[in-house]
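All of the numbers you see were taken from the coordinates with simple rules; none came from a lab. It should be emphasised that the depicted structure is a prediction, and the values quoted were computed from it without experimental measurement. So basically every Cβ, Gly included, is an ideal-geometry build from the backbone, and we count neighbours across all protein chains shown.
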Amino acid sequence: MSRNARCPGSLDELWPLLEEGVTIMAGGTDLLVRRRGQVPAPVACLERIESLRGVRVHEGFISLGACETHASLLRHALVRERLPVLAGALQVLGSPLIRNMGTIGGNIVSASPAGDTLAPLYALDAQLELVSKWGARRVPLAGFIHGPGRTGLKPGEVLAAVLVPPPEPSALQHFEKVGRRKALAIAVVSLAAVILTDGEGVVLDARLALGSVGPTVARCPKAEALLAGRRLDREALLAVGEAMRSEIAPIDDLRASAAYRREVAGNLLLRLAS
Amino acid sequence: MKPSSPNQPDFSFRHADTLSKAVGAERYSTDFTPPGCLWAGAKRAGVPHARITAVHVGEALAVDGVKTVLTGADVPGSNLQGIVHKDQPVLAVDTVRHAGDAVALVLAESREALAEALSRIRLEYEPLPGVFEPELALAAEAPLVHPGREGGNLLARGLVDKGDARAAMRGCDVVVEGEFETPMQEHVFLEPPNGTARLTATNGLETVVSTQAPFRDRFEIAHALGLDPMRIRVRAPYLGGGFGGKDGATVQCLLALAALHAGGRWVKMVWSREETFLAGYKRHAARVRIRLGASSSGALQALDSVMYFDSGPYAHLGVEIMALGLEHAGGPYMIPHTRAEGFCVYTNNPVGGAFRGFGVVQASFALERSLDALAARLGMDPAELRLMNALRTGEANCAGVAMESPTGVRECLEAVMAHPVWAGRHTWKEAAPPFKRRGVGIAASCNAMGYGRGLPDAAAAKLELTRTGTFRIFNSVADMGQGNAAAFVQLAASALNQDSSLFEVVQPDTRLCPPAGSSSASRTTYTFGNALLRACEAMREKLKARAALALLVDEPSRLRLAPGVVADEATGRSIPLALLGNMLQRDDRICVDQYVMPVVENPPDTGKAFRLGFPHRFFSHGACVCALEADELTGQVELVECVTAVECGRVLSARGVEQQVHGAAAQGAGLVLMENLAHQDGRILAGDLSTYLIPTSRDLPDLEWLAVDGDEPTGPHGVKGMGEVGIHGPAPAVAQALEDAVGLSINRIPVDPMDVLRALRSNKA
Ligand SMILES: Cc1cc2nc3c(=O)[nH]c(=O)nc-3n(C[C@H](O)[C@H](O)[C@H](O)COP(=O)(O)OP(=O)(O)OC[C@H]3O[C@@H](n4cnc5c(N)ncnc54)[C@H](O)[C@@H]3O)c2cc1C
């Protein structure tokens, strides 16, 4: 193994490496691409650290180990059955190869506005468990991501787990990614929705998050409020879609224009029209 | 011989290279890395048009492991590459004309040193105004790409006509008019342009290159660098894809130049994907204006079209590509009066070059869209309109050439029209799920085979009986993945009545193989195949004659070749091939023969600008039905079905044809659905595979194909070439299907989901 690739077997073995300034690497699918063409620099691989893995129910949360790969999460019944909005995103992330290597922790710390797991995790009100030599802290995901590639991760810290409060089993969970092709394509817009209705179909609580329409994933509080108390009919969803369009700040890039993103961002919820 | 059913793979025949490729044992050019070789790389201009005021190489030379840095001043010979027209410097001298021009060449001991040195070369420029749009480039005051050149930015103008289109147009009951644009397209072959070269002890040049044209490469290198072409040896192992992008110099001249400075050491050059986007050839972007007139019954009467091809700063095969575009302006239809005028124009965009469908893609999209407009105007079914105008054998195409070779366009159309995707389209459309609009479209096409009149389309084939009684085919036409090497084995095995396992194929090597034209123009199996069959014939006669000596038979003609032996049925005696092989000296074990594709005998009095390669005599035909779903919420378009029928003479290998149709249809689908270089002012914005998207397997339906029986009497076993014809269907068929689904009439591709949304919105209003 190359001198540049260090493989600590535990968090205790990781801390000194972080102190040396060695960069954390999980699946490497983001990091190595960004480093392409540069002089190789040391990395600390997380794959042998057992405590960063596992999917379990813990203190009322579904806890997802940061080093779980997209593929391993998809195989897990808790994810498939309790968090279909996340599973929907994992299914269309990258390609089978990327899903086998890339991790949920890496997807979060990469902090791309197009990171496919982010919109679902925003809509699920996920929290993050961050650990360091000095202890652990728990922060809401939404506050952790500051902008493209920018997070609140402190030096010496590692993301250990994602804590997801499981929605009511009856809640509607919906995810859609709009890309320019069906695999290996960055989202142009994505929508994650977690919606709880009463027995009559009236919305009690709606959580809506849009990806790729601003510097970070956007929750849409106005639209959420507008949807509460209404049914998922075409008329309501059109109005809510219009509100969503007003809550985002998309940009033009090679993949799509801001106008297209805005238009589609307000359309996607219509898919739920009953 | 009826082709086996296309949907049942014919296991009767396996490609010899399937296993070696699957297990990674096949050695591509890129796998050839002699120990201790030097690495060469080009410094690219980075700007589309500028005067070079200085090239600072000092810092690069100082990098540890750098052997030398060469600039334009170091190039011996003409310093001009090009296939027909020589206008592309190996290294730019005083001007750069597109962002991918090579300005300096570095030789280094390692790839790391090479990369470091390339990053340390500093180029100083005086920017020049550029031209990025062919029609603007023709304006009187446009900046010149090649100042002082007679003709300015107009590389070539051509006219192909028949009858009097403009007069006939006035007499038409209906005339439709339109302007259509097709974009540049990247080949995206898997194996990047690469090769290895060295000077031999006797001052010859030896190269191993990923190339479609090993024999012609010698002349291109020799001309550019002032060398003797006969002292250049080119070897072309299996290519990891080409599609036209390796027809003409990529690494060849740069590598040869590097070898001249490497003191006999091997030098290797491999372009990165990004360099390939930047410097490689592209399908020519084209703009086509059409007027198409018909009688009220739908009979086509007149076609008047003008085409502009964006050549970039160099000719490459631009003129020949435009010629083929003009020759296909009328497609596979009978139109009494036609006029197609073309302008091939220099710009400071990436260099246009050969790409599967060579000018025909551009012409075909415009014509098929015009037929759709005509069908709409006449209230006719688009399939019926095509069928009633389909060109029949004996009728003249738009270049005035009467179709001698049987045309199968009608049969192709009938085949796809009978397919459930077309026949059942109304029911299918009605069953669209929520938020989806469904549409179905149909298109027909033809594609010429071979170089055309004036440029002999020739191949020589060498066949050897080995001492152990097996056979060795010296393949002179590179196999870029299309499977011609395997087809040659199949042809020879059946001609000699031997098992295919007895055949070995030597891949093109200008020292070992007799010359042949390039792997291009849907010509490979036809031309080399015919040469090989003749060589087989000679071999058969020879083996019978030699066997007759051993068997004491007076009339060799009564002997037969049977697996492993020459047999005398009259006596039941036979002689093993191994024995014959052992008996004969090497010269006597070899048969060489050749073939030249026949040309149009009495060419029409048109296309005068095209002395090389015009007109064509043979065409393959195709028809394609595409069914799609457009999403009302996102404007995304999903290709749900794509059925292609092809008529390519007789089908030698159903699987071989199927694979060509798959690849071609996938490339056609990419062109219409997503491929977009997003170039702006001479710069490619989508210059890598994360931004330039080609379809993945999930973006493509099954790409079904239907065989239409044909027979080309001059073809080997009745074969016509068909490597290209399948690319033409998806773009127009998808466009028509989109119009059917959401009422959006597109005249440029790829489809923009935003336009789909707009169309949906305005339809509702
Ligand atoms: C071809 C390709 C296609 C892709 N397609 C998609 C796609 O469709 N959707 C999508 O969202 N992404 C996509 N990606 C991006 C990437 O694969 C994902 O974001 C993936 O989840 C990153 O995870 P990783 O484990 O590989 O991260 P790494 O590359 O290992 O790390 C990424 C960053 O996170 C840091 N990091 C990783 N884990 C931790 C941790 N536990 N604690 C602290 N810091 C950490 C690293 O230091 C680094 O800065 C694609 C990438 C490629 C190469």
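Take the alpha carbon atoms of the stretch B:19-51, find their center, do the same for the stretch A:214-274, and report the distance between the two centers in whole angstrom.
48
As a test, work out the antiparallel percent of DSSP beta bridges whose residues both lie in the stretch A:5-164, rounded to the nearest 5.
80
Under 27 Å from the Cα of B:K436, which lysines turn up, not counting those fewer than eight places away in the same chain?
Partners within reach: A:K177, A:K182, B:K764.
Taking the Cα atoms of the stretch A:185-242, report the difference between the largest and smallest coordinate on each principal axis, in whole Å and largest first.
Computed over the Cα atoms, the extents are 38, 21, 18 Å.
To the nearest 20 Debye, how big is the dipole of chain B about its Cα centre, given +1 on the beta carbon of each Lys and Arg and -1 on that of each Asp and Glu?
My answer is approximately 1200 debye.
State, to one decimal in nm, how far the label point of B:R761 lies from the label point of B:A570, with both points 7 Å from Cα in the Cβ direction.
If labels sit at B:R761 and B:A570, their model points lie 8.7 nm apart.
For the stretch A:172-272, just the Cα atoms, rotate onto the principal axes and tell me the three extents in Å, largest first.
So the extents along the principal axes, rounded to whole Å, are 44, 26, 22.
Set Lys and Arg Cβ to +1 and Asp and Glu Cβ to -1, take the dipole of chain B about its Cα centre, and tell me which of B:G379, B:P615, B:P576 lies farthest positive.
B:P576
Could you list log10 I(q)/I(0) for chain B at q = 0.09, 0.11 Å⁻¹, which the Debye formula gives when each Cα is one point scatterer?
Result of the Debye calculation: -0.84, -1.21.
Over chain A, one equal point on each Cα, no solvent: what is log10 I(q)/I(0) by the Debye formula at q = 0.15 Å⁻¹?
Once normalised to I(0) and log-transformed, intensities are -1.09.
Quick one: Cα convex hull volume of the stretch B:472-553, Å³ per residue?
Working: hull volume 7.8 nm³, N = 82.
Expressed per residue, the convex hull around the Cα atoms of the stretch B:472-553 is 95 Å³.
Can you pull the percent of Cα pairs in the stretch B:359-472 with separation above 21 Å?
Details: 3715 of 6441 pairs.
Result for the distance tail: 58 percent.
After finding the eigenvalues of the alpha carbon gyration tensor for the stretch A:1-62, what semi-axes result from the square roots of 5 times each, listed largest first in whole Å? Could the numbers behind the result be given before it?
Details: eigenvalues 130, 44, 18 Å².
Whole-Å semi-axes of the equivalent ellipsoid: 26, 15, 9.
Taking every pair of alpha-carbon atoms in the stretch B:163-262, what share in percent sits in each 10 Å bin, from 0 to the bin with the longest distance?
Spelled out bin by bin, the stretch B:163-262 gives 14, 35, 17, 9, 12, 10, 3, 0 percent.
Averaged over every viewing direction, what's the projected area of the C-alpha convex hull for the stretch B:144-210? Give it in nm², one decimal, please.
It is 11.4 nm².
Please list the radius of gyration and Dmax for the protein assembly as shown, considering alpha-carbon atoms only, with Å as the unit.
Taking only Cα atoms of the protein assembly as shown, I get Rg and Dmax of 31.5, 103 Å.
Tell me, rounded to the nearest percent, the portion of alpha carbon pairs in the stretch B:70-140 spaced more than 19 Å apart.
51
What residues have an amide H closer than 5 Å to that of A:T197, excluding those fewer than 5 places away on the same chain, when H is modeled at 1.01 Å from N in the peptide plane?
Answer set, sorted by chain and number: A:L172, A:L204.
What FRET efficiency do you get for A:T23 and B:D681 if R0 is 41 Å and r is their Cβ-Cβ distance, rounded to the nearest 0.05? Display every interim value, and only then the final one.
Details: r = 37 Å, r/R0 = 0.91.
FRET efficiency, A:T23 to B:D681: 0.65.
Over all directions, how big on average is the projection of the convex hull of the alpha-carbon atoms in the stretch B:650-700, in square nanometres?
Values: hull surface 19.7 nm².
Approximately 4.9 nm², given one-decimal rounding.
I need B:E638, A:E176 ordered by Cβ neighbour count within 10 Å, fewest first.
B:E638, A:E176
So for B:Y346, B:Y238, B:Y314, fewest C-beta neighbours within 10 Å to most, what's the order?
Final ranking by Cβ density, sparse to dense: B:Y238, B:Y314, B:Y346.
Would you work out the charge dipole size for the stretch A:172-272 about its Cα centre, treating the Cβ of every Lys and Arg as +1 and the Cβ of every Asp and Glu as -1, and quote it to the nearest 20 debye?
440
Over all directions, how big on average is the projection of the convex hull of the alpha-carbon atoms in the stretch A:127-210, in square nanometres?
With every direction weighted equally, the projected area is 7.8 nm².
Once you place label points 7 Å from the Cα toward the Cβ at B:S272 and B:D499, how far apart are they in nm?
Rounded to a tenth, the inter-label distance reads 5.0 nm.
Distance between the C-alpha centers of the stretch B:224-250 and the stretch B:738-754? Whole Å please.
That distance is 40 Å.
Given all pairs of different Cα atoms, what value in angstroms does the Kirkwood hydrodynamic radius of the stretch B:381-437 take?
Its Kirkwood hydrodynamic radius stands at 13.5 Å.
I want to verify the translational diffusion coefficient of the stretch A:5-164 in µm²/s; compute it with Stokes-Einstein, Rh as the Kirkwood radius over Cα pairs, at 10 °C and 1.306 mPa s.
101
Across the stretch B:246-354, how large is the tail of the calculated P(r) beyond 19 Å, expressed as a percent of all Cα pairs? Provide the component values of the computation, followed by the final result.
On the way: 3448 of 5886 pairs.
Every Cα pair in the stretch B:246-354 considered, those over 19 Å come to 59 percent.
Among B:L159, B:N203, B:P515, whose Cα sits farthest toward the positive end of the charge dipole of chain B (+1 at Cβ of Lys/Arg, -1 at Cβ of Asp/Glu, about the Cα centre)?
After comparing all options, I get B:N203.
How would you rank B:E430, A:E50, B:E712, going from fewest to most other Cβ atoms within 10 Å of each one's own Cβ?
Sorted ascending by nearby Cβ count, the order is B:E430, A:E50, B:E712.
Tabulate in residue order the Karplus-calculated ³J(HN,Hα) for the stretch B:392-400, using 6.51 cos²θ - 1.76 cosθ + 1.60 with θ = phi - 60°, rounded to whole Hz; enter x for Gly and Pro.
Per-residue couplings from phi come out as 9, 3, x, 7, 8, 7, 6, 8, x Hz.
Along Cα→Cβ, 7 Å out, is where each label goes; now give me the distance between the ones at B:R157 and B:D605 in nm to one decimal.
2.1
Quick one: Cα centre-to-centre distance for the stretch B:59-113 and the stretch B:285-312, in angstrom?
The distance from the Cα centre of the stretch B:59-113 to that of the stretch B:285-312 comes to 42 Å.
Cut-off 14 Å, label point 7 angstrom out along Cα-to-Cβ of B:L136: give me the residues of the stretch B:666-704 whose amide nitrogen falls inside.
Taking a point 7 Å out along Cα→Cβ of B:L136, the residues of the stretch B:666-704 whose backbone N falls under 14 Å are B:679-683.
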